[in-house]
Amino acid sequence: MDEHDFEEDFENADGAGGVTNVADRMAAEALIVDVDGFEGPLDLLLTMGRTQKVDLRKVSILELAKQYLAFVETAREMRIELAADYLVMAAWLAFLKSRLLLPPDPTDEGPSGEELAAHLAFQLERLQAMREAAAKLMARDRLGQNFFARGLPEDVTRLRRVRYIATLLDLMQGYARIRTRDEFRPYAMDREAVFSLEQALERMRGLIGFAGTWTEISAYLPEGFTTDPKRRRSATASTFAAALELVREGRIDLRQSETFAPIELRRRD
Amino acid sequence: MPEDTEDEHESLFAAPPMAEQERMCEAILFATAEPVTVREIESRMPHGSDAAEALAHLRRRYEGRGVHLVRVGDAWAMRTAPDLGFLMQRETVETRKLSRAAIETLAIIAYHQPVTRAEIEEIRGVSVSRGTVDQLLELEWIRFGRRKMTPGRPVTFVVTQGFLDHFGLESPRDLPGLKELRAAGLLENRPPPDQMPSLGEGEDDAREDGTDAKGQDELFGE
Amino acid sequence: MPEDTEDEHESLFAAPPMAEQERMCEAILFATAEPVTVREIESRMPHGSDAAEALAHLRRRYEGRGVHLVRVGDAWAMRTAPDLGFLMQRETVETRKLSRAAIETLAIIAYHQPVTRAEIEEIRGVSVSRGTVDQLLELEWIRFGRRKMTPGRPVTFVVTQGFLDHFGLESPRDLPGLKELRAAGLLENRPPPDQMPSLGEGEDDAREDGTDAKGQDELFGE
């Protein structure tokens with residue numbers, strides 16, 4: 001057993017006091033055996049604090065830190081694996097201990113050892129308070145145990161009724177929708193003689209797959225746009241523009257042997 | 001402390017006072033999921049209790065209240081007073097928006113009344129389903145008006161007082177006219193393409209009685 | 001004839017007499033095992049009824065009886081008097097024993113609500129397992145509250161009406177020792193100074209993702 005070393009270490013670090021009587025020593029041992037029973041380092045600290053048998057507000061955080069570090073040290077010697085949480089707390093408490101013991105460094109910006117200790121004390125007190133509150137809560141008279149609800153509830157029948165709603169605005173909008181429809185003169189009529197670039201492109205895209213040999217561009221004019229001069233003009237212009245677009249896309253080649261000669265196109269492979 | 005109470009009574013070798021017994025019966029009857037027999041109640045009460053008497057007191061106490069003590073075979077139970085049964089119904093009202101078809105139909109009736117079904121269809125450009133008209137009739141927002149003096153003497157629809165109440169109008173003349181609709185930004189000159197008229201649908205119907213839908217809107221002199 | 005009663009009152013354009021309203025509240029509350037809100041009660045009573053006043057009368061009437069009228073948040077319920085619990089042993093519901101972690105977590109949520117998982121972990125010094133929270137959610141003692149307006153918008157937990165009902169609390173303000181804890185500053189959310197290890201700080205709060213809690217703590221307007 002390392003009990004002896006543990007005690008010695010403790011007293012060395014501590015100077016005076018520490019774990020002196022048998023009961024406290026037993027308690028310290030029990031802590032180690034029970035490490036699985038603790039809900040984290042804060043819980044362990046709280047239990048240790050309770051053995052100081054003083055108001056949590058007056059608990060000596062320095063004392064607690066030493067006790068905790070001794071515990072971790074002993075656990076390590078006993079090859080008890082401690083969860084990371086416990087080790088993080090140990091490292092922090094070691095830091096806190098040094099802060100509390102050494103004179104404050106005026107160049108240091110962080111919170112003072114006292115501030116850190118005060119917060120830890122607050123956390124412990126708060127956890128303790130929550131535990132007591134939980135116990136009080138669970139000790140209350142409870143539904144289904146001390147008092148009871150109606151054992152024979154009666155059914156409440158549900159009647160569902162649908163209410164339709166409409167506002168005056170809905171009505172006006174509905175009517176406006178209809179009237180607007182009447183006033184609206186379809187546009188397509190004005191554009192009968194127009195063959196748009198979009199239309200030409202769409203038509204060309206479908207057709208160029210078949211242009212393996214040089215073909216005159218006029219062959220691509222859509223039906224119904226070849227006789228009427230107005231329509232033919234529109235279709236020629238848009239088809240030519242569409243052909244240029246396809247050249248730009250690298251889909252076809254265009255050629256014209258001489259000025260005013262027919263323009264020919266061929267699929268680019 | 002439940003046990004204490006019990007122990008106290010038991011240790012006194014005396015039944016609790018009748019008022020206390022009454023309370024006990026009350027609690028047992030309230031919390032038990034089934035009607036309870038006198039014997040069963042008594043077996044749960046402290047020694048020496050007289051459940052039958054306590055129940056008689058309790059029954060009187062609940063006379064005329066919202067809850068009664070009733071006998072079910074040889075058992076007892078608490079039941080809500082029969083005259084309050086209507087409270088055990090919960091009416092849930094669901095509000096739903098009126099469909100677009102119904103709104104449009106209603107609007108046409110409101111703006112053009114009295115108007116026949118064929119006229120409504122001509123204005124809407126689509127046929128009006130029977131369900132739509134029935135719904136509006138059911139809501140009591142429209143009713144049948146005079147028959148029209150045209151061939152076939154078709155019935156007409158007009159809006160009701162209920163309609164005016166719902167929409168907060170004093171008379172159909174209070175409906176905003178086209179100019180006001182336009183001023184409110186509700187009438188645009190060019191609707192988005194998805195509102196393009198689907199001309200032709202249901203038109204067959206509309207022409208049957210040859211009524212011209214135009215010229216009815218004295219309301220909307222533009 | 002239930003409807004007659006109602007119609008009669010309605011046709012008189014007056015609410016039923018207070019004694020009658022009291023009976024109605026009594027019947028509604030007796031009929032249900034769950035607490036019923038004042039609004040719900042009133043919606044089932046005839047027009048013009050004042051459920052709140054009727055409930056106040058009713059509560060006095062049941063003082064000292066075997067059954068009490070208790071307030072649970074903004075709802076009311078009939079419950080047997082706690083001192084008669086011993087009569088009801090056979091009605092007792094065997095509840096699964098809660099773990100220490102679950103009990104502590106519940107208490108922290110009740111006293112600190114709305115509280116995030118990270119805050120619970122900060123207070124307990126260990127991470128809160130999913131199972132613990134799930135168990136409390138399943139019991140319907142806690143539910144998700146509004147998201148906190150801090151980075152990551154973590155969800156919060158609050159206690160429910162079911163919690164209040166189970167522990168016989170009128171409101172979360174009636175939690176035992178609440179005032180003292182607040183006075184002692186133990187309910188403050190004091191952020192740890194720099195360099196403090198964040199104990200038990202588990203994974204991010206995003207675990208409870210997706211639950212956007214709506215219009216929560218009406219119960220806890222403080």
| Only one of C:D4, C:D74, C:D83 is at pLDDT below 95, under 20 Å from the mean Cα position of the chain (by Cα) and not hydroxyl-bearing (S, T, Y); which? | C:D74
| message | Conditions first: (1) within 20 Å of C:A184 (Cα to Cα); (2) of a type in the set (D, E); (3) outside any helix (DSSP H, G or I). A:E115 passes all but one, so which condition is the exception? | response | (3)
| message | For the range C:154-175, which positions are touching a residue at least 24 places away in the same chain (Cβ under 8 Å), charged (D, E, K, R) and either surrounded by 21 or more Cβ atoms within 10 Å (Cβ to Cβ) or assigned to a helix (DSSP H, G or I) (or both)? | response | C:D165, C:R173
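Would you kindly identify the strands (runs of 3 or more DSSP E) lying entirely within the range B:52-102 that contain at least 3 residues that are over 25 Å from B:E20 (Cα atoms)?
On the way: elements: B:67-72, B:75-80, B:89-97.
Output list reads B:89-97.
For the range C:176-194, how many residues are in contact (Cβ under 8 Å) with a residue 12 or more places away in the chain, in a loop (DSSP other than H, G, I, E, B) and within 7 Å of chain A (Cβ to nearest Cβ)?
Narrowing the range C:176-194 to residues in contact (Cβ under 8 Å) with a residue 12 or more places away in the chain: C:178, C:181, C:187, C:189, C:192.
Of the ones still in play, those that are also in a loop (DSSP other than H, G, I, E, B) are C:187, C:189, C:192.
Now narrow it down to the ones that are within 7 Å of chain A (Cβ to nearest Cβ): C:192.
Residues that pass the stated criteria total 1.
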| query | Within the range A:245-252, can one find any residue that is touching a strand residue (DSSP E or B) at 6+ places or on another chain (Cβ under 8 Å) and part of a loop (DSSP other than H, G, I, E, B)? | reply | yes
| query | Which residue pairs have Cβ atoms under 7 Å apart, sit 6 or more places apart or on different chains, and have a first residue in the range B:72-98 that is closer than 30 Å to B:A52 by Cβ and in the same structural domain as B:R60 (by TED's automatic domain parsing) and a second that is among the charged types (D, E, K, R) and assigned to a helix (DSSP H, G or I)? | reply | B:A81/C:R23; B:L84/C:R23
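State all residues of the range A:214-262 that are among the hydrophobic types (A, V, I, L, M, F, W, C) and touching a Pro at 6+ places or on another chain (Cβ under 9 Å); if no residue qualifies, say none.
Across the range A:214-262, the qualifying residues are A:I217, A:A235.
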| request: Just give me the residues in the range B:155-168 being at pLDDT 90 or above and not β-branched (V, I, T), in sequence order. | output: B:F157
| query | Would the range B:94-108 turn up any residue that is within 42 Å of the chain's Cα centre (by Cα), facing chain C (nearest Cβ under 8 Å) and buried (at least 22 other Cβ atoms within 10 Å of the Cβ)? | reply | no
| the range A:72-89, subset within 15 Å of A:G37 (Cβ to Cβ) and outside any loop (DSSP other than H, G, I, E, B), residue farthest from the chain's Cα centre (by Cα) | A:A75
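Listed here are the residues, each with its yes/no results for (1) free of Cβ contacts under 8 Å to residues at least 24 places away in the same chain; (2) within 16 Å of the chain's Cα centre (by Cα); (3) part of a loop (DSSP other than H, G, I, E, B).
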residue	(1), (2), (3)
C:A118	no, no, no
C:E122	no, no, no
C:V126	no, no, yes
C:V133	no, no, no
C:M149	yes, no, yes
C:G152	no, no, yes
| What number of residues in the range A:228-269 are farther than 19 Å from A:G212 by Cβ, of a type in the set (D, E) and surrounded by 15 or more Cβ atoms within 10 Å (Cβ to Cβ)? | 1
| task | Filter the range A:124-155 down to residues that are more than 7 Å from chain C (Cβ to nearest Cβ) and farther than 30 Å from A:L62 by Cα and give me whichever is nearest to the chain's Cα centre (by Cα). | result | A:A139
| task | Could you identify the single residue in C:G152, C:G145, C:G162, C:G185 that is within 26 Å of C:H68 (Cβ to Cβ) and of a type outside the set (A, V, I, L, M, F, W, C)? | result | C:G162
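The values are calculated or read from the model by the stated rules, or taken from the named source; none is laboratory data. Since we're looking at a predicted model, the values are computed, not measured. Neighbour counts run over all protein chains shown; Cβ positions are idealised from the backbone, glycine included.
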